[in-house]
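The block underneath contains the structure these notes are about, expressed in structure tokens.
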Amino acid sequence: MTRASAVRRLPVVLAVLVLLALVVSGLRPYDRFTWVLEVFWVLAGLPLLAVLWRRFPLTSLTCCLLALHALVLIVGGHHTYARVPLGHWLQDVLELSRNPYDRIGHLFQGFVPAILMREVLVRTSPLRGSAWLAPLTVCVCLAFSAFFEMLEWWSALAAGEAADAFLAVQGDQWDTQWDMACALIGAITSLLVFSRLHDRQLARLRAPAPTGSA
């Protein structure tokens, strides 16, 4: 299998993996209402990507990060964020006062959208190569994080105690501020770690396909 062929197949492989995880997580979730709220972004995102793929295929890096983020959401939806076993293990090992999986989820809420939004801005705006690209990308991620916190607030108002598992506050009065701080840290870290690799993949994506010999 050539590298080009592997790159073309990667999105399909990742989509199948995410779909399988989604199906398994939906069989016996801890709380069905919470599961629906947590995996909504996966349920909405997969069809949207499929519809837009021909006009706007994504880089391999973005695809891998989106799949990883989807798995984080799916696991959190199945167990609820306050009950994810990995979080309990980390809580014991690090001697934390709460299950930290919710913090991990909000870290990913900045870490993954940072590369997705960077790709959208580079390919659809005049920001490619601009010094404003990174700060504006971080601002978009923070705006999304703030919008998500408002969604949690609206869910609590609408559903009352039924939304407690979705909120995953775990008694922390500063949970909203911590969530947004985690998203900010995730976005900045992602840009620092992946920007150069992302630029190389974007350059290959823009390069014209080689023509066959006559």
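The values are calculated or read from the model by the stated rules, or taken from the named source; none is laboratory data. Quick caveat, the model's predicted, so the values are computed rather than measured. Every residue, glycine as well, gets a Cβ built from its backbone with ideal geometry; the counts of neighbours run over all protein chains shown.
Being surrounded by fewer than 17 Cβ atoms within 10 Å (Cβ to Cβ), modelled with pLDDT of 90 or more and among the hydroxyl-bearing types (Ser, Thr, Tyr), is that true of even one residue in the range 125-143? So far as the range 125-143 goes, yes, one or more of its residues are surrounded by fewer than 17 Cβ atoms within 10 Å (Cβ to Cβ), modelled with pLDDT of 90 or more and among the hydroxyl-bearing types (Ser, Thr, Tyr).
Among the residues making up the range 110-135, those that are among the β-branched types (Val, Ile, Thr) and either under 10 Å from LEU191 (Cα atoms) or touching a residue at least 12 places away in the same chain (Cβ under 8 Å) (or both) are VAL112, ILE115, VAL122.
Cβ separations smaller than 9 Å between residues 6+ apart or across chains give the following pairs from the range 39-52 residues that are within 13 Å of VAL23 (Cα to Cα) to residues that are part of a helix (DSSP H, G or I) and hydroxyl-bearing (Ser, Thr, Tyr): VAL39/SER25. Listed by first and then second residue, the pairs linking a residue in the range 136-159 that is farther than 12 Å from ASP179 by Cβ to a residue that is surrounded by 15 or more Cβ atoms within 10 Å (Cβ to Cβ) and at pLDDT below 90, with Cβ atoms under 7 Å apart and 6 or more places separating them unless they lie on different chains, are SER155/LEU37; SER155/ALA163; SER155/PHE166; ALA156/ALA163; ALA156/LEU167.
One residue stands out among those in the range 8-38 that are part of a loop (DSSP other than H, G, I, E, B) and free of Cβ contacts under 8 Å to residues at least 12 places away in the same chain: the one that is surrounded by the fewest Cβ atoms within 10 Å (Cβ to Cβ), which is LEU27.
The residue list LEU58, LEU71, LEU65 contains one member that is in a loop (DSSP other than H, G, I, E, B), at pLDDT 95 or above and not charged (D, E, K, R), which is LEU58.
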